[in-house]
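Everything on this sheet refers to the single structure shown next.
Taken together, the values in this text are just the output of simple stated rules run on the coordinates, not laboratory data. Remember, it's a predicted structure, so these values are computed and weren't measured experimentally. Quick reminder, even Gly has a Cβ in these numbers, built from the backbone with ideal geometry, and neighbours come from all protein chains shown.
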């Protein structure tokens, strides 16, 4: 196996390049990602009540996450533009009083996967919640942005271990 095969985003001279996926077959691909936003219990209560001073924080963050998934190739330099066929962004309070969980699922029928799109969706949704809640709680922290699962493509199925 050559160095180029090991490090697919580098050419033989070590220069960054976009991987050529033109020879790959299109297939259905899906990825799920999660981010956690830690906040004060009072901030979480305000978020869940829907009384955020800047407006509907969850609806705004959902749209921001979907938009981010669609624009991932414009944000990540070597990421391919792909035709996303579906994107969902969901929110759920964690079992404690301080965390809020954001999860995104992204689908496409293309030659490359959508892991980066799912990760970008949850990250931008978390940033949007931070922006909309920062007047209440500047100490919030975006934690554990992770890929949960992916289907499709040459590498097959991946599922994160708990």
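Quick notes on this one:
- Extended-chain gain in nm, criterion 0.36 nm per residue less alpha-carbon gap, residue 67 and residue 144: 25.6 nm
- Using the rule -39500 (n - 2.57) for each DSSP H run of four or more residues, divided by the residues of the chain, the 222 nm mean residue ellipticity is -9000 deg cm²/dmol.
- Cα-based helix-to-principal-axis angle, 115-133 vs the chain, degrees rounded to 10: 20
- For the pair the stretch 107-162 and the stretch 64-81, the centres of their Cα atoms are 12 angstrom apart.
- Under the simplified labelling scheme, the residue 49-residue 160 pair shows an inter-label distance of 3.1 nm, with each label point 7 Å from Cα along Cα→Cβ.
- In the chain, the convex hull through the Cα atoms has an average projected area of 10.8 nm², a quarter of its surface area.
- Zone residues, the stretch 123-162, relative to residue 23, backbone N less than 20 Å from point 7 Å out along Cα-to-Cβ: 153-156
- Distance (nanometres) between label positions extended 7 Å along Cα→Cβ at residue 94 and residue 109: 3.8
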